[in-house]
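Below: one structure, written as structure tokens.
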Amino acid sequence: MTATHSISKPVQPCDFEEALRCILQHSHPLPAERLPLAGAYGRLLREDVVATEDFPPFDRSAMDGWAARADDCSEIFQVVDEIRAGEWKPRTLKHGEAVAVATGAALPCNGLVVVPQEDGVPEANAVRFRIQPGHAKYIRRRGEDWKAGTVLVCKRSRLNAGALAMLAQAGHCSALVSRLPRVLHLVTGDELAAPDAGREPGQVRDVNSVLISALMRNRTAKFVQRRLPEKLDAAQVRADLDDSIDMLLVSGGASVGRHDGTALLLEQLGFTLHIRGVLARPGRPLLFGSNGHRIAFGLPGNPLAHWVCFYMYVLPALRALEGAHTPLSFLNGRLAASVGAGAPGIGMFIPAAAIAAEDGWLVKALHWNSSGDITPLLHANALLHRPAGAKPLPAGAVVQFLFSEEATIQDGGTR
Ligand code: AMP
Ligand code: MG
């Protein structure tokens, strides 16, 4: 990219907490849309949904059998009716009377119990019970799952299958959810060969395209990707960056080298840069800016840095665009093996494998030479935090880590 403007005053590198605060402050919830339940799976709910009636809405039989009065000790019961699931046949029962009921059938009045089929011996139009009716129950009581007026699913819940089932039973056919964030990943770097193209001497293959598109798969977002030449001007990018893009990710060129043009590109596209570097590795050269409600990241091209920045900054921003309040949640774990000292003046997020152990999480820092490594990503399901200037720690010491969600577990464990 050729410099046509001067870049605004550099912002000092900040620590990751400050960076995250700034990112979240500029990541505004997108408008909501109403979707049929069938299309709302995984979306973020934007309103509390309140039950308008009890569930179950009436006392129901939990078994196939007979309903009789709870205080009735008769020898034999006349079967005066049959009630199937879905039928509504209110009536009272006298002593010595029972109704045959199917599972789910509405009981005809209060004060009944259900004797299961296995505990009754039918005789012509009657039945004898092997147990006292009072000892049976088998009733799903009205309102035992939820009562009218209860908040069934709270605003900002992600709609899982259970939430959708509840909404359906409560009579909702649609849900008010966040619209999908639209994310554009622009991959720059003239030294990169497409994985399916021949690699010239001096080139490496483009990893970040496949890495980010895999990390974005199954997310609630619309994701598009482009490869771009390094010497591009903003006008070329504007064509891709049509008005519908909410989040722009630029891979590579985020640092301060002569050929690193992402900061300038973002400024030319109208973004104001709020972050120019974080005091955290991998991922130190991170850029972040906003232009109205749109946000943009300059992500360092090294794959390990790309991965770390995705989990540390991009994913929280994506969730904030959906309207979720989900700060990074660090967990405590015990080190599986000793780790060396942290770096002075800069925090580290080391790819790690976290395994459930009897007394909590066991965290193994994975070996990495530099942020250009890819191998640690094979087994990483976590990021181990080493604060700036941290002292060496022995195996068993308590450390903080974040789950990244995914790891390939292979026989033979980690390398
Ligand atoms: P950059 O962020 O452009 O300074 O690139 C830093 C390092 O990451 C360089 O060694 C690049 O060759 C490498 N790199 C940049 N983009 C990619 C990519 N998409 N896939 C693999 N390596 C990359
Ligand atoms: Mg580059």
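The values are calculated or read from the model by the stated rules, or taken from the named source; none is laboratory data. Every value quoted in this text rests on a predicted model; they were computed, and no experiment measured them. All Cβ positions, even for glycine, are placed from backbone atoms using ideal geometry, and neighbour counts span all protein chains on display. With ligands, DNA and RNA removed, areas are computed over all heavy atoms of the protein, side chains included. Shrake-Rupley method; radii C 1.70, N 1.55, O 1.52, S 1.80 Å.
When only C-alpha pairs under 8 Å and at least 6 residues apart count, what is the relative contact order of segment 51-102, in percent?
Once divided by the residue count of segment 51-102, the mean separation gives 48 percent.
Binned at 5 Å from 0, what are the whole-percent values of the Cα-Cα distance distribution for segment 62-142, short to long?
3, 18, 32, 29, 14, 2, 0
How much of ILE355 can a 1.4 Å solvent probe reach, expressed as accessible area in Å² and rounded to 10?
90 Å²
Probe radius 1.4 Å, ligands and nucleic acids left out: which of THR103, THR92 has the largest accessible area, and how do the rest follow?
Heavy-atom accessible area, descending, gives THR92, THR103.
Going through the cross-link list LYS94/LYS137; LYS89/LYS155; LYS147/LYS222, which pairs have a Cα-Cα distance over 28 Å in this structure?
Check vs 28 Å cut-off fails for LYS89/LYS155; LYS147/LYS222.
If each DSSP helix of 4+ residues adds -39,500 (n - 2.57) and the sum is divided by the residues in the chain, what number results at 222 nm, nearest 500 deg cm²/dmol?
-4000 deg cm²/dmol
Explain nothing, just compute: Karplus ³J(HN,Hα) = 6.51 cos²θ - 1.76 cosθ + 1.60, θ = phi - 60°, for every residue of segment 353-365 in order, whole Hz, x for Gly and Pro.
10, 9, 10, 6, 10, 4, 9, x, 8, 9, 10, 10, 5
What percent does the relative contact order of segment 148-277 come to when contacts are Cα pairs within less than 8 Å and at least six residues apart? Write down the numbers at each step before the final one.
Values: 128 pairs, mean separation 35.1, N = 130.
Taking the mean separation of contacting Cα pairs over the length of segment 148-277, I get 27 percent.
Relative to the Cα centre, what is the charge dipole magnitude of the chain, using +1 at the beta carbon of each Lys and Arg, -1 at the beta carbon of each Asp and Glu, and rounding to the nearest 20 debye?
880 debye
Using a probe of 1.4 angstrom, how much of the accessible area of the chain is carbon and sulfur, in percent?
On the way: 10550 of 20490 Å².
Carbon and sulfur: 51 percent of the exposed surface of the chain.
For a distance above 24 Å, tell me the whole-number percent of Cα pairs in segment 1-121 that qualify.
Values: 4337 of 7260 pairs.
Every Cα pair in segment 1-121 considered, those over 24 Å come to 60 percent.
In the chain, what % of DSSP beta bridges are antiparallel (nearest 5)?
Restricted to the chain, the bridges split so that about 65 percent are antiparallel.
Using amide H atoms built 1.01 Å from N in the peptide plane, name the residues 5+ places from GLU87, or on other chains, whose amide H lies under 5 Å from its own.
ALA106
Whole percent per 10 Å bin, from 0 to the bin with the longest distance: what is P(r) over all C-alpha pairs of segment 171-284?
11, 37, 36, 10, 4, 1, 0
Take every DSSP beta bridge with both residues inside segment 1-153 and express the antiparallel ones as a percent of the total, to the nearest 5.
Once the DSSP bridges in segment 1-153 are tallied, antiparallel ones form about 80 percent.
Which trypsin sites (Lys or Arg not before Pro) from segment 1-105 combine a DSSP loop assignment with at most 14 other Cβ atoms within 10 Å?
Values: sites: ARG21, ARG34, ARG43, ARG46, ARG60, ARG69, ARG84, ARG91, LYS94; in loops: ARG43, ARG46, ARG84, ARG91, LYS94.
When the trypsin sites (Lys or Arg not before Pro) of segment 1-105 are filtered for loop state and at most 14 Cβ neighbours within 10 Å, ARG84, ARG91, LYS94 remain.
Could you run the Karplus curve 6.51 cos²θ - 1.76 cosθ + 1.60 with θ = phi - 60° over segment 133-138 and give me ³J(HN,Hα) per residue in whole Hz, x for Gly and Pro?
Values, residue by residue: x, x, 8, 9, 9, 6 Hz.
Using Cα-only point scatterers and the Debye equation, what is log10 of I(q)/I(0) for the chain at each q in 0.12, 0.13, 0.14 Å⁻¹, rounded to two decimals?
Ignoring solvent entirely, the Cα scatterers give -0.96, -1.07, -1.19.
Counting other Cβ atoms within 10 Å, which chymotrypsin sites (Phe, Trp or Tyr not before Pro) in segment 283-322 have at most 13 and lie in a DSSP loop?
Passing sites in segment 283-322 do not exist.
With every protein chain in place, what's the accessible area of LEU176 (1.4 Å probe, Å², nearest 10)?
40 Å²
Counting Lys and Arg as +1 and Asp and Glu as -1, each charge on the Cβ, what is the dipole of segment 182-230 about the Cα centre in debye, to the nearest 20? Show your work: numbers first, answer last.
Numbers: 8 positive and 6 negative charges, 99 e Å.
In debye, rounded to 20, segment 182-230 gives about 480.
I'd like the distance between the alpha-carbon centres of segment 327-389 and segment 128-204, rounded to an integer number of Å.
Their Cα centres are 30 Å away from one another.
Please compute the contact order of the chain in relative form: average sequence separation of alpha-carbon pairs under 8 Å and at least six residues apart, divided by the residue count, as a percent.
Numbers: 933 pairs, mean separation 69.5, N = 415.
The normalised contact order for the chain reaches 17 percent.
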